[in-house]
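See structure below.
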Number of protein chains: 2
Amino acid sequence: MEPLPLSRAFTLIEPGPVVLVTTHDGTRPNVMTISWTMVRNFEAEFALTTGSWNHSWRALCDTRECVLAIPGADLIDTVVGVGTCSGADTDKFARFGLTPLPSRHVRAPLIAECLANIECRVEEIITRLDLVLLRGQAAHIDPARTDRRRLHAVGDGTFYADGEHFDRRAAMRAKLPEGI
Amino acid sequence: MEPLPLSRAFTLIEPGPVVLVTTHDGTRPNVMTISWTMVRNFEAEFALTTGSWNHSWRALCDTRECVLAIPGADLIDTVVGVGTCSGADTDKFARFGLTPLPSRHVRAPLIAECLANIECRVEEIITRLDLVLLRGQAAHIDPARTDRRRLHAVGDGTFYADGEHFDRRAAMRAKLPEGI
């Protein structure tokens, strides 16, 4: 994994990819699959919808840290597998052959097999809304990957990978942050 | 446009498509492009990040209604155009040749050219967080469209259309709401 400027981290989340969210409860790492995410601004702040129905919730609340790992299309069955079992009774890193890498700012691990990882601190949890607000601390990408297609969950058990690419940078220039 | 069961509306937003958000200020309709959206639950509740920097903000606050319209990949240049001018000085429906259709529950119009539309009421606005919480009232799709690819903004002026499709319904069954 190589560093990605934090100012570009929002470009990993804005397209709405499925993410693998890692946590570390002090004893071992865990990971969950989440599609309900949102960019909050251009400063690497994000929102997640989650709550106590997820085993990772306790670690998220207690440690106030996590990593948003962006899987590529090659990890489709890992994404589904991680999303359909629980860290309560499963070591998901072992079961799905995921390699935890040390983060720089948080104890939750990066995932070596993912396209990119964003280390995050929890800024605020609004339990009434099942809302977790995150602030990115550092971002990392694997520049060696040739297939960089992200996955998008439809929510009905089907997924799309990124397809045709449209470059409208010239037309969008006035609306983009400097340097993006 | 034909009705889509409201229980399936989240499947329009979960993949993270660019949306066109229509409002109606009492005088005329307006529309903005937004990518910062999130599903909040399986009951057609959604979140948007937006704020007073958008001309539509006033209508959203005053009327507490909007429509989330899902453009197909054919509308890429409309999405960019709508996102780079302002309703303050432009009739965007006229300029981009968009056809407003009457909604059933709200005054904000559906967009005939879009793949789907979700009529929404504003449940709550948290200005401190630039957060708007929406509740879907009805959903509509255009079943006649053959190209149903949605668009995903990267945030750097480029976009991806939905590409390869993966069916993992069997593996996901236990995690899906009844009937999805």
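Overview of values
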{"read-out": "Shielding of B:165-177 by partner chains, average beta-carbon count, 10 Å", "value": "6"}
{"read-out": "Calculated label separations, A:ARG128, copies of the chain, 7 Å along the beta-carbon direction, nm", "value": "1.0"}
{"read-out": "For the stretch B:157-164, 3J(HN,Hα) per residue [Karplus equation, 6.51 cos²θ - 1.76 cosθ + 1.60, θ = phi - 60°, Hz, x = Gly/Pro]", "value": "x, 10, 9, 10, 8, 3, x, 4"}
{"read-out": "Whole-Hz couplings from phi, Karplus 6.51/-1.76/1.60, listed for the stretch B:39-45; x for Gly and Pro", "value": "6, 9, 5, 8, 9, 6, 9"}
{"read-out": "Rg and Dmax of the stretch B:86-171, Cα atoms only, in Å", "value": "16.4, 50"}
{"read-out": "Chain A, closest residue to the rotation axis toward B, by beta-carbon, whole angstrom", "value": "A:GLY16, 1"}
{"read-out": "Taking N as its residue count, the alpha carbon Rg of chain A over 2.2 N^0.38 Å", "value": "0.99"}
{"read-out": "Residue (of B:ALA116, B:VAL21, B:VAL31) at the positive-pole extreme of the stretch B:2-175, dipole from beta-carbon charges", "value": "B:ALA116"}
{"read-out": "Nonlocal amide H pairs with A:THR158, under 5 Å, H built at 1.01 Å", "value": "B:ARG168"}
{"read-out": "Per-residue mean of C-beta atoms belonging to partner chains within 10 Å, peptide A:53-64", "value": "0"}
{"read-out": "Karplus-derived 3J(HN,Hα), 6.51/-1.76/1.60, for each residue of the stretch A:67-73, Hz, glycine and proline x", "value": "10, 9, 9, 9, x, x, 4"}
{"read-out": "Peptides ranked, highest mean first, by Cβ atoms within 10 Å: ranges B:64-71, A:55-62", "value": "B:64-71, A:55-62"}
{"read-out": "Peptide-level mean, for B:144-157, of C-beta atoms on other protein chains within 10 Å", "value": "6"}
{"read-out": "When the stretch A:1-62 is reduced to its Cα atoms, the Kirkwood hydrodynamic radius in Å", "value": "12.9"}
{"read-out": "Label 7 Å beyond Cα on the Cβ vector: B:ALA171 copy-to-copy distances, nm", "value": "3.6"}
{"read-out": "Theoretical ellipticity at 222 nm over chain B - DSSP helices of four or more residues, -39500 (n - 2.57) apiece, nearest 500", "value": "-3500 deg cm²/dmol"}
{"read-out": "Label point distance in nm, A:THR84-A:GLU164, each placed 7 Å from Cα along Cα→Cβ", "value": "3.2"}
{"read-out": "Relative compactness, the protein assembly as shown, computed as alpha-carbon Rg over 2.2 N^0.38 Å", "value": "0.94"}
{"read-out": "Under 25 Å from B:LYS175, Cα to Cα: lysines that are on another chain or at least 8 residues apart", "value": "A:LYS92"}
{"read-out": "Tail beyond 17 Å, pair distance distribution of the stretch A:1-105 (Cα, percent)", "value": "53"}
{"read-out": "Neighbourhood charge, 13 Å Cβ-Cβ cut-off, centred on B:HIS105 and excluding it, Lys, Arg +1 and Asp, Glu -1", "value": "+3"}
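Here, each number is a calculation from the coordinates, and none is a lab measurement. Bear in mind that the values here come from a model prediction, so they are computed numbers and not experimental data. Reconstructed Cβ throughout: ideal geometry from the backbone, glycine too, with neighbour counts over all protein chains shown.
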